[in-house]
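Encoded as structure tokens, the structure appears first; notes follow it.
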Amino acid sequence: MRKHQRPRLDRNAIDVQLKSTWVRRVGYRYDVILDGEVVVRRSSDPEYDAARVLQSRCLKGTFRTIDFVTGRPRMILDIEKAAGLRTVERDRGGLSIEPYLPMSDDDRSRLRPPGLLHEWPSSPGMAEDTDYPLPAAGGGT
């Protein structure tokens, strides 16, 4: 068997496109496109993120990643197997493939932007902390 063997083409594989974007101070991030719809945005681990999206849509079998610019196939993966994996980069040892660990609710809530506080002026019709009236709606006086 050759060391760098091309993946066997699967005619039933689902095609997803990977569109790369350079993000300053971060590196490349990838959008995953399925049938013209962006299903994953700015992923650092697009193949495995794509597999989880495909699995969540009850799709089975294999999928292949297609380079957005060249149209060439890059990887062929089993949806179920790939959905349970993630790429991990460490300072020592480089990249490794490990089991996927979903984000905890606590971690997820820390990533959400804080809600906006809506406070009304203390006096109706007056700008807060001033004695000036608020302008009328529509720009009139």
**Asked** In nm, to one decimal, how far is the modelled label at LYS19 from the one at THR87, with both set 7 Å along Cα→Cβ?
**Response** 1.9 nm
**Request:** Give a residue-ordered list of calculated ³J(HN,Hα) values for region 26-37 (Karplus: 6.51 cos²θ - 1.76 cosθ + 1.60, θ = phi - 60°; whole Hz; x for Gly, Pro).
**Result:** 10, x, 6, 10, 10, 8, 9, 10, 10, 6, x, 9
**Prompt:** What does the accessible area of SER20 come to, in Å² to the nearest 10, when a probe of 1.4 Å is used?
**Reply:** 60 Å²
**Cleavage-rule hits, trypsin sites (Lys or Arg not before Pro), region 65-94, DSSP coil, Cβ neighbours within 10 Å at most 13** = ARG92
**Prompt:** Accessible area, 1.4 Å probe, largest first: how do THR70, THR62 sort?
**Reply:** THR70, THR62
**Request:** Report the accessible area of ASP15, computed with a 1.4 Å probe over the heavy atoms of all protein chains in place, in Å² rounded to the nearest 10.
**Result:** 60 Å²
**Request:** Determine the order of LYS19, LYS60 by accessible area, beginning with the largest, at a probe radius of 1.4 Å.
**Result:** LYS60, LYS19
**Complete:** Here, GLU80 and TYR100, labelled 7 Å along Cα→Cβ, have an inter-label distance in nm of 1.4 nm
**Item:** Whole-number percent relative contact order across region 13-102, with pairs defined as alpha carbons under 8 Å at least 6 apart
**Value:** 24 percent
**Asked** Which net charge results when you count Lys and Arg as +1 and Asp and Glu as -1 among the other residues whose beta-carbon is under 14 Å from that of VAL69?
**Response** +1
**Prompt:** Under the Karplus relation 6.51 cos²θ - 1.76 cosθ + 1.60, θ = phi - 60°, what is the ordered set of whole-Hz ³J(HN,Hα) values for region 87-95, x standing for Gly and Pro?
**Reply:** 9, 10, 10, 10, 4, 10, x, x, 8
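The values are calculated or read from the model by the stated rules, or taken from the named source; none is laboratory data. Predicted model, so just to flag it, every value in this text is computed and none were measured. Positions of Cβ are backbone-derived with ideal geometry, glycine not excepted, and every protein chain shown enters the neighbour counts. The protein model used for the area step is the full one, side chains on, heavy atoms only, and it has no ligands, DNA or RNA in it. Shrake-Rupley method; radii C 1.70, N 1.55, O 1.52, S 1.80 Å.
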